[in-house]
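Structure first, then comments.
The values are calculated or read from the model by the stated rules, or taken from the named source; none is laboratory data. Everything numeric in this text was worked out from a predicted model, so none of it was measured. Ideal geometry is used to build each Cβ from the backbone, glycine not excepted, and the neighbour counts take in all protein chains shown. Protein only, heavy atoms only, side chains kept; ligands, DNA and RNA dropped before computing areas. Shrake-Rupley method; radii C 1.70, N 1.55, O 1.52, S 1.80 Å.
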Amino acid sequence: GREKALGKLEALKKSMLLKMFPQGDAKAPEVRFKGFEGEWETNPLDKWLVVSDEENRDGRFTAEDVLSVSGDYGVVNQIEFQGRSFAGASLSHYRVLKKDQVVYTKSPLKRAPFGIVKANLFQDGIVSALYGVYDTAGADSAFVQYYFGSLVRLNNYLRPLVNKGAKNTLLISDEDAVSGVVCFPSLPEQRKIGAYFRSLDALIAARREEVEKLKQMKKALLERMFV
């Protein structure tokens, strides 16, 4: 029952990531909130995102503030998420990533060979110096995250911009990463879409936790039965 419910929510999210954003050359999505009409605006992404190169020079942030960027969970605290810090000895060159800024990882994942784009919906912290960090200029950061939440849209956007170097490193400047063209709506519509997906993600996370707890309980009961 609960696993089925989780599966349904995940399927809904996947389908909405397609239906609530324009597909292909379309200038408007298939599904829209009431009160919004007309075409979305086509612009280079740097109309909406501006490079931020603030570094942790003053040592304000420590290893406990290092953030990781996950394909499934977005921006998370590294120690909480991975159980320990993988940070180097010196954190002065780490980039400061504030809440509501956007981050581009520039490291290949299996399903996202050109890296991923996520919003920091969490708390201020620092990320690897390899990452690109951006301020939003009139964009909703959660909307930006979900716009690039579809792997097809993400990969199609980044593919023409990225050069692959040796050892599979991605060679792309922070500026070039925002030089591609995107199709975004007005800020009020962005906010509505961002909030919708954030609440969907919160539901999914809660269900996932329930399913995990049940699995742990079953395991503990079985172990007791067969001791």
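For this structure, a couple of remarks:
- Cα→Cβ-extended label distance, 7 Å offset, between Val31 and Ser85, nm: 4.2 nm
- The chain - percent of accessible surface contributed by carbon and sulfur, probe 1.4 Å: 54 percent
- Relative contact order, whole percent, for the stretch 36-120 stands at 26, derived from Cα pairs under 8 Å and 6 or more residues apart.
- Kirkwood hydrodynamic radius (C-alpha pairs) into Stokes-Einstein, the chain, 25 °C and 0.890 mPa s, D in µm²/s: 129 µm²/s
- Helical segments meeting 20 Å axial Cα length and Kyte-Doolittle -1.0 threshold in the chain (DSSP H): 2-19, 187-225
- Computed packing ranks the peptides 175-184, 118-127 as 118-127, 175-184, most packed first, by mean other Cβ atoms within 10 Å.
- Charge tally around Glu54: other residues with Cβ under 15 Å, Lys/Arg +1 each, Asp/Glu -1 each, net -3.
- The distance separating the Cα centre of the stretch 42-82 from that of the stretch 179-214 comes to 18 Å.
- Of Lys164/Lys215; Lys47/Lys192; Lys98/Lys219; Lys106/Lys192; Lys47/Lys98, pairs whose Cα-Cα distance is over 30 Å: Lys164/Lys215; Lys98/Lys219
- Relative contact order %, the chain, counting alpha carbon pairs below 8 Å whose residues are six or more apart: 24 percent
- Solvent-accessible ranking of Phe226, Phe81, Phe197, largest area first, probe 1.4 Å: Phe226, Phe81, Phe197
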